[in-house]
Structures are given as C-alpha cells and as structure tokens.
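The values are calculated or read from the model by the stated rules, or taken from the named source; none is laboratory data. Just so we're clear, the structure is a prediction, and the values are computed from it rather than from any experiment. Here the Cβ positions follow ideal geometry from the backbone for every residue, glycine too, while neighbour counts run over all protein chains shown. Remember, those area values only see protein heavy atoms, side chains included, never the ligands or the DNA or RNA. Shrake-Rupley method; radii C 1.70, N 1.55, O 1.52, S 1.80 Å.
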Amino acid sequence: MLNPLRRRGGGIPRFGGELIAPGSRHYDQARRVWNSAVDRYPALIARARDTADVVAVVRYAREQGLALSVRGGGHSAAGLAVADGALMLDFSAMKTVQVDAKARVMLAGPGATWDGVDAATQVYGLATTGATVGTVGVAGMTLGGGVGRLDRLAGLACDNLIDAEVVTADGRVLTASEHPDLLWALRGGGGNFGVVTLFRHRLHPVGPAHVLLLGYPFADAADVLRAYVAFSAQAPDRLALYAGLQIAPAQPFIPENLRGRRFAALFALWFGAADEGPERIFAPLRALLPPPAMDVTSVMSYLETQRLAAGMAPVGLHRYETIEWLSRLDEATIDALVNAAAAAPTAWSTIAVKRMGGAAARVPATGTAFWHRQAAHEVHVQAEWAPGEPADVHRDWVRSTRAGVSPASTGGGYVNFVNEDGGPGRIRAAYGGNYERLARVKAVYDPDNFFHLNHNIAPAGQPKLVHGGSAAP
C-alpha cells in the first residue's frame with residue numbers, strides 16, 4: 001500500500017512526533033487494537049508528542065481531505081481507533097498522569113490508561129471511577145460515560161471530568177470549562193466534538209475494599225440472579241455488586257471442581273470502613289442462598305481490586321460485545337440470561353450484570369450528555385473466540401442475548417459498547433433524550449462533521465448520520 005502523504009510530497013508540517021507509514025517495521029504493531037477481529041490499514045499513523053502535534057495533524061488531515069481516527073487506549077468495542085485509508089492520530093506517547101493530592105485533582109494525557117492512573121492516584125489514597133480493565137484508555141472511557149467499580153460511590157468517569165483541553169476541527173485549542181456547552185457534551189457524548197489532549201478529573205479518598213466472591217454450580221444460576229436482585233435493592237452506595245454467568249477460569253482462587261465448568265458467581269466490593277461492618281453488609285446476601293461451592297473473602301487495596309481482571313482478557317482473541325441498560329431484572333429477563341448463558345458458544349463467552357444507581361443516578365439525565373441515569377442494572381454480553389473460527393455464531397449469540405433482555409431495557413445501550421454494525425438507530429438510542437442537544441453542540445464545534453470516525457452525531461441541520469468509517473470486520 002502506498003503512503004498517500006509521501007505521494008503528495010512530504011510529511012506533516014510542524015509535526016514533531018513519529019510518523020509510521022505502511023511498510024515500516026513498526027506499522028503492523030502500531031495499527032493493532034485490543035479487539036483482534038479488527039484488522040484495518042490506515043494510510044499513516046501519526047504518534048503525537050504534545051498538543052502542538054495534534055493541531056498539526058488535525059489541520060493536515062483537513063487540508064488533505066483525509067479522514068481522521070483517534071487512538072487513546074485502543075479498546076473501542078467497534079475498533080474505531082483505526083480505519084482503512086485514514087490518518088490515525090496515536091496517543092501512545094502521551095500517557096502522563098499528574099496528581100495534585102491536596103486539591104484532589106488528576107491531570108491525564110489522552111494516551112493514559114487506567115492502570116497508570118490508578119497506580120499514580122493510590123499513592124495518595126485517592127481514586128476516581130475508572131475501567132476495570134487496566135489497559136482501557138482514560139479518553140474513550142471518560143468521553144463515553146465511564147462505568148466502573150466506584151460509580152455508585154463517586155459517579156461515572158464523565159461526572160468527575162471537571163475540565164479538558166480540546167483541539168477542535170478548525171485547529172483551535174480550547175479550554176472546555178470556558179465553553180459550558182462543550183464541557184457538557186464531552187461528558188458522555190464521545191469523540192464527536194474535538195480531540196481531547198488533556199483530561200482533568202476529580203479524585204476521591206478510596207481506601208481498602210472488603211471483597212466477597214461466591215460461586216455456585218450453573219444449575220443454581222437463576223437463584224443466584226434472584227439473590228442478586230433482592231440484595232441489590234438495598235445496596236448502599238459504597239457497595240459495588242456484580243453477578244456473572246460464565247465458564248470458571250483456571251485461577252488460583254477457583255476450586256478445582258468448578259474450573260472449566262459453567263458456573264454462576266456473585267462479586268461484591270464494600271468500600272466502607274472496616275468498623276462499618278462488611279460482614280453485616282454481606283450477611284443478607286449469604287442468607288439468600290445455600291452454601292456456595294466457592295467462598296472467597298479478602299481485604300484488598302483499590303489498586304488490587306482493579307487488577308483482578310488482569311489476565312482474564314487474553315490478547316489476540318476476536319471479540320464482539322454489547323451492553324444494555326435495564327430498568328429491571330424480572331423473571332423473564334433472568335430466564336433469558338440463563339438460557340443464553342447455557343447456549344454460549346465458547347468458554348470465553350460471558351454475561352455479567354452490574355448494579356447501577358447510587359451517585360451516578362443522582363445526576364439528572366440532562367446534567368451531562370450521558371442519558372441512561374435511571375438504569376437499575378447494566379448487562380454486559382461478550383463473546384470471544386480464536387482467530388480463524390467463524391465469527392457469525394458468536395455475533396449472533398451476543399445479538400440474540402441482547403434481544404432476549406430488550407423488554408426490560410431502558411431504551412438503549414452504552415455508547416462505548418455500540419458495535420460498528422449497530423447502525424445510527426443504536427447510536428441515537430445510546431444518547432437518548434440528549435441527542436438533539438448534542439447535535440446542536442456538534443454544529444457549533446464541528447459543523448462539517450470532520451470528526452466522524454466515532455459513534456457519530458451529525459451536526460444539527462445535516463440530513464444524514466455518518467456512521468463509523470470502515471465496515472465491520
């Protein structure tokens with residue numbers, strides 16, 4: 001593949017970062033993203049080192065008529081960090097994290113990932129809501145909303161975004177707090193309004209967590225979900241609660257008789273002080289079920305809880321996943337989830353349910369661009385399979401599982417988990433009742449829809465959505 005920028009006679013003016021062209025020895029590695037099902041070939045990769053480099057790339061892409069994709073952590077479910085024939089703006093060299101412990105504020109570069117953020121903030125006993133997989137980028141997760149272990153206690157990641165530096169489509173550098181409509185849109189509206197080159201997040205005191213993990217044979221799955229529902233109804237804000245249906249991994253804490261077998265699990269984290277009685281908090285959950293096949297309790301630092309998922313998302317697998325917001329988990333929905341889990345096509349296919357609410361629900365739906373505030377639960381359906389296996393069976397399983405719980409949906413899903421083939425309707429539903437306002441903000445900061453390789457919002461007055469960039473793999 002020829003590099004069109006070289007064919008036009010040179011590199012990017014005033015760009016001081018690294019340019020990686022097709023044919024270079026770093027190109028194939030640099031174009032890879034977390035979801036190995038995504039296999040796309042950008043025209044050029046520009047690895048920026050600072051804001052001035054970002055301005056140079058944005059201006060150059062516009063002048064040359066090149067589509068621009070943006071890579072933060074590269075974890076987009078749809079693989080939107082990379083597109084065929086586009087110019088990729090790569091932030092892997094801009095990972096700086098700075099902590100002002102006294103002000104309880106963090107500054108993070110656009111290439112920062114949550115493992116780096118958590119390590120830097122926990123030095124001071126502080127944290128902010130971040131992804132449970134450490135290699136997820138701060139940028140994409142925050143801009144799409146940001147669900148994590150602390151959202152009931154501290155709000156979503158976007159609720160803790162207090163300012164940002166943004167490069168707009170015309171190459172201006174703006175401070176978002178000086179433009180309230182822009183800051184509002186960045187809090188959940190995705191990458192539609194510009195390239196964020198610096199994030200300013202609010203931090204919170206977060207100490208050790210009391211962790212409970214209960215495992216049951218899959219035959220008890222429906223009862224496990226019923227217990228999750230009953231217990232979650234009275235869950236305090238300091239409690240993070242999950243239920244999972246999956247094949248038990250070969251982890252040291254998993255009993256031998258469960259490993260490699262389908263099972264049901266309950267996972268709870270209590271972020272209150274020890275003298276507030278974690279066992280008192282967990283006792284009602286235990287009382288709802290018979291003795292488990294697996295019973296693990298521990299006290300862990302927040303940093304340790306964030307690392308629990310390490311190794312459970314192997315590099316190199318193909319992936320397809322979705323999240324749906326649920327207003328309830330009734331008997332019909334429980335049956336749908338159990339039946340779907342029983343039909344999961346691979347050992348890596350999982351269903352996880354998370355209790356929402358708390359601080360995240362106390363922000364009005366129109367207070368930020370993130371709409372689905374009143375969802376009681378998040379259901380995350382993920383299929384993973386080895387390269388070379390037929391993809392359709394896995395994608396069909398994810399879609400059919402989502403369809404099975406749709407009667408209980410709040411009307412949409414999580415924008416960060418909308419797949420490339422979800423279509424404009426799925427994107428619009430993710431933004432919900434905030435969509436029209438977002439379209440008006442888009443018309444102010446990106447009237448030509450230059451930033452369209454994303455979960456796209458067309459500027460108000462534009463007749464059609466531009467969705468994604470490359471066809472789904």
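So that you can scan it fast, the table gives a plain yes or no per residue for (1) at pLDDT below 95; (2) closer than 30 Å to A391 by Cα; (3) open to solvent by 30 Å² or more (accessible area, probe 1.4 Å); (4) out of contact with any helix residue (DSSP H, G or I) (no Cβ under 7 Å at 6 or more places or on another chain):
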position: R440; (1), (2), (3), (4): no, no, yes, yes
position: N449; (1), (2), (3), (4): no, no, no, yes
position: P459; (1), (2), (3), (4): no, no, no, no
position: G469; (1), (2), (3), (4): yes, yes, yes, yes
position: P473; (1), (2), (3), (4): yes, yes, yes, yes
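The residue that is farthest from L337 (Cα to Cα), among those in segment 221-259 that are open to solvent by 60 Å² or more (accessible area, probe 1.4 Å) and of a type in the set (G, A, S), is A250. Whether a residue is in a loop (DSSP other than H, G, I, E, B), more than 18 Å from R200 (Cα to Cα), modelled with pLDDT of 95 or more and touching an Asp or Glu at 6+ places or on another chain (Cβ under 7 Å) was assessed, and A77 does not pass this test.
So for segment 272-291 (the condition being of a type outside the set (G, A, S), touching a Leu at 6+ places or on another chain (Cβ under 6 Å) and open to solvent by 10 Å² or more (accessible area, probe 1.4 Å)), does at least one residue qualify? The answer is no; no qualifying residue exists.
Quick check, is A375 in contact with a Leu (Cβ under 7 Å, 6 or more places away or on another chain) and closer than 30 Å to L182 by Cβ? When the stated conditions are applied, A375 passes them.
Give, as residue ranges, the strands (runs of 3 or more DSSP E) completely inside segment 109-219 that count at least 2 residues that are closer than 30 Å to R440 by Cβ and aliphatic (A, V, I, L, M).
On the way: elements: 161-167, 173-175, 195-202, 209-217.
Hits in segment 109-219: 161-167, 173-175, 195-202.
For A369, the test of being under 21 Å from L143 (Cα atoms), crowded, with 16+ Cβ neighbours inside 10 Å and of a type in the set (G, A, S) is passed. When we screen G171, G194 for residues that are farther than 30 Å from P278 by Cα, touching a Ser or Thr at 6+ places or on another chain (Cβ under 9 Å) and of a type outside the set (V, I, T), the only hit is G194. Within segment 212-220, at least one residue is at pLDDT 95 or above, open to solvent by 20 Å² or more (accessible area, probe 1.4 Å) and touching a helix residue (DSSP H, G or I) at 6+ places or on another chain (Cβ under 9 Å).
Name the single residue, out of those in segment 331-350 being polar (S, T, N, Q) and within 22 Å of the chain's Cα centre (by Cα), that is surrounded by the fewest Cβ atoms within 10 Å (Cβ to Cβ). Full working, then the answer.
Kept after step one, since they are polar (S, T, N, Q), are these residues of segment 331-350: 333, 339, 346, 349-350.
Now restrict to residues that are within 22 Å of the chain's Cα centre (by Cα): 349-350.
Working: S349: 25, T350: 20.
Selected residue: T350.
Screening segment 333-387 for residues that are of a type in the set (A, V, I, L, M) and part of a strand (DSSP E or B) and picking the one that is farthest from G411 (Cα to Cα) gives A383.
One residue stands out in segment 63-110 among those that are over 23 Å from D163 (Cβ atoms) and free of Cβ contacts under 8 Å to residues at least 12 places away in the same chain: the one that is least open to solvent (accessible area, probe 1.4 Å), namely G65. Taking V315, is it exposed (fewer than 15 other Cβ atoms within 10 Å of the Cβ), among the β-branched types (V, I, T) and closer than 29 Å to W385 by Cα? For V315, the condition - exposed (fewer than 15 other Cβ atoms within 10 Å of the Cβ), among the β-branched types (V, I, T) and closer than 29 Å to W385 by Cα - is met.
Scanning segment 131-151 for residues that are over 19 Å from G190 (Cβ atoms) and either in contact with a Cys (Cβ under 7 Å, 6 or more places away or on another chain) or open to solvent by less than 10 Å² (accessible area, probe 1.4 Å) (or both) turns up just one, L150. The number of residues in segment 410-427 being touching a residue at least 24 places away in the same chain (Cβ under 8 Å), open to solvent by 20 Å² or more (accessible area, probe 1.4 Å) and more than 23 Å from A131 (Cα to Cα) comes to 3.
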